[in-house]
Structure formats: C-alpha cells, structure tokens
1. Farthest toward the dipole's positive end in the chain, which of Ile12, Pro175, Ser150, given Cβ charges of +1 (Lys, Arg) and -1 (Asp, Glu) about the Cα centre?
2. Dipole magnitude of the chain about its Cα centre, charges +1 at Lys/Arg Cβ and -1 at Asp/Glu Cβ only, in debye to the nearest 20?
3. Per residue of the chain, what 222 nm ellipticity follows from adding -39500 (n - 2.57) for every DSSP H run with n ≥ 4, rounded to the nearest 500?
4. Rounding to the nearest 20 debye, state how big the charge dipole of the stretch 6-121 is about its Cα centre with +1 on each Lys and Arg Cβ and -1 on each Asp and Glu Cβ.
5. Which shape class applies to the stretch 34-108: rounded if a/c is under 1.5, otherwise prolate when a/b exceeds b/c and oblate if not, where a ≥ b ≥ c are the square roots of the Cα gyration tensor eigenvalues?
6. Taking Cα atoms, how many degrees apart are the long axis of helix 101-115 and the longest axis of the chain, rounded to 10 and kept between 0 and 90?
7. Which ordering of Arg108, Arg227 is given by a fewest-first count of other beta-carbon atoms within 10 Å?
8. If you stretched the chain out fully between Trp206 and Phe225, how much longer would it get, using 0.36 nm times the residue separation minus the C-alpha to C-alpha distance?
Amino acid sequence: MTNSEIYIGTRIDWNTLNDTLNRSVSRLNQKLTKELRTVAMNKGIKKTEQGKRLDLYSISKQELDTLMNNSSVRPLVKVDAKKMSDSLQKVNSSYSSRMDYDTAKLYRKDLTAALTSSLDVIGEDTNERKKVSKITIDNPYKVGDWVSYSNNYGYSRGYARIYKVTPKGYYLEHPLLKYKNGEPMGHVSNYDYARIHFNNVQGKSWDQEWDFTIPYEGNEDMFFFKRGSKFNRLSNREYGNPPIVNDELHGYRSYRYQYD
C-alpha cells in the first residue's frame with residue numbers, strides 16, 4: 001500500500017466501476033468496510049440507501065478526478081489509505097486478539113474514533129425516490145343517498161342509507177321498522193304481514209322463500225335507522241362501490257333464498 005492510495009465509497013457495483021475505469025478494481029474487505037460505513041454514517045452518509053450499500057474501492061488520485069465528474073459513479077466518501085492503515089495498527093496494538101463482550105465493544109468504539117480522521121465526505125446522495133402514482137377517486141356519495149349492497153358471495157343483502165361521508169369513504173345506517181304505535185319492531189319476514197301494515201310493498205313470496213321491499217317513501221313514520229360504526233373505504237376497482245339507488249324501491253328489504 002503506497003502513500004498515494006485512496007479508497008472511494010460509492011453505491012455502484014464492482015462490475016460497473018470496472019467498466020468505467022477499464023480495469024479490475026480492488027475492493028476493500030467487508031470487515032473493514034463495515035467499520036468505515038459506521039464512520040461515514042456519523043458524517044451523514046447512510047450505510048444503505050434505497051437498497052444500495054456503500055462499498056469501498058481502491059483507486060488512484062487521478063482516477064478520482066475523473067470519477068468526480070461521472071454522475072453514474074458518484075463518489076460519496078474518500079478514505080486516505082495510509083491514515084486508515086496507521087489508525088488500524090495503533091488501535092489493534094492496544095488490544096489482544098481475544099476479547100470478551102465488553103472489551104470488544106470498547107474496541108469497536110476506539111476503532112471508529114480512530115478511523116474518523118481517514119474518511120472525508122466528498123459527495124451527496126441524490127435520495128431520489130420513485131414517484132408513486134396515487135389513484136384518486138372522487139367520492140360519488142352524499143349524505144342521504146341510498147345504496148344497494150351485497151354480501152361476500154355477491155348475493156344482494158338490501159338497502160342502506162349514507163349518513164356520513166369523507167373524501168375516502170362513507171358510513172351506512174340500516175333501516176328497521178316500527179309498529180303503528182311507534183314501538184320498534186326491527187325486522188319483518190312475513191310478506192302478507194308487510195302488505196297489510198305498510199304501503200306499496202313490492203315483491204313476492206313462494207313456498208318457504210320470499211323477497212320483498214317495504215319502500216321508505218310512503219312509510220317514513222314507520223322507519224328508524226341503526227347507524228353502523230364501520231368505515232367503508234372507497235374502492236378503485238370497477239363495480240367495487242355499491243350503486244346508488246334512486247327509485248322508489250329503496251327502503252327495507254327482506255328475503256330468504258335456499259341456496260343449494
């Protein structure tokens with residue numbers, strides 16, 4: 001190792017540097033490089049940036065002058081090889097080859113301090129980040145809208161009303177029914193009962209199955225709503241959001257299908 005030798009720290013790989021200098025470049029061993037990464041980090045250069053670690057390569061001062069103008073190499077630190085060697089020798093002479101945990105910890109601290117004077121920062125990381133394209137969705141809902149929603153199997157479950165909206169989603173309240181005296185009834189599953197006690201019931205009943213809707217319009221006094229606490233986030237998938245229902249059928253839906 002001559003007095004003119006230096007090491008540069010860069011994030012490009014060994015093959016790329018070889019191609020740039022048109023020769024085979026020596027790389028510093030990883031044990032010592034690890035120590036110098038700590039020194040570099042203390043001076044503002046990260047050990048790893050966007051998955052690319054800092055590696056150190058032996059070059060001449062003339063090659064450094066060339067590489068300083070090469071944006072693809074981008075040297076970040078320079079290490080004086082002689083200073084580094086002298087620091088290593090000085091620290092290593094003060095410790096034995098066998099060390100317990102506390103002694104090894106002290107050795108690493110002394111080594112980092114000794115190597116600090118041999119490393120200088122000569123460049124800056126670009127810290128470029130890929131721009132992530134965000135899909136923005138305009139919330140199509142407003143308070144008071146009725147929507148038709150389905151279960152996880154795609155079967156229609158019924159209607160609900162939106163009582164709160166945010167830029168990213170909405171909250172639903174579900175319709176329930178009252179008796180004529182105003183007492184809460186909750187659910188209705190008998191089609192004939194529904195036709196007798198409510199106006200303009202739509203649907204049918206057959207065998208042990210039924211599907212009918214009691215419209216909100218014309219039966220307003222017989223409805224109350226149970227608000228859900230679940231936040232429903234807008235989907236960016238086609239058909240991922242429940243459709244708004246604008247006809248007279250929105251209201252309370254009751255159904256029973258036998259899926260075989």
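No lab work stands behind these numbers, since they all come straight from the coordinates. Bear in mind that the values here come from a model prediction, so they are computed numbers and not experimental data. Every residue, glycine among them, receives a Cβ derived from its backbone with ideal geometry; neighbour counts consider all protein chains shown.
1. Ranked along the dipole, the leading option is Ile12.
2. So the dipole magnitude of the chain works out to roughly 1100 debye.
3. -7000 deg cm²/dmol
4. 240 debye
5. oblate
6. Roughly 70 degrees between the two axes.
7. Going from least to most buried by this count: Arg227, Arg108.
8. 4.0 nm
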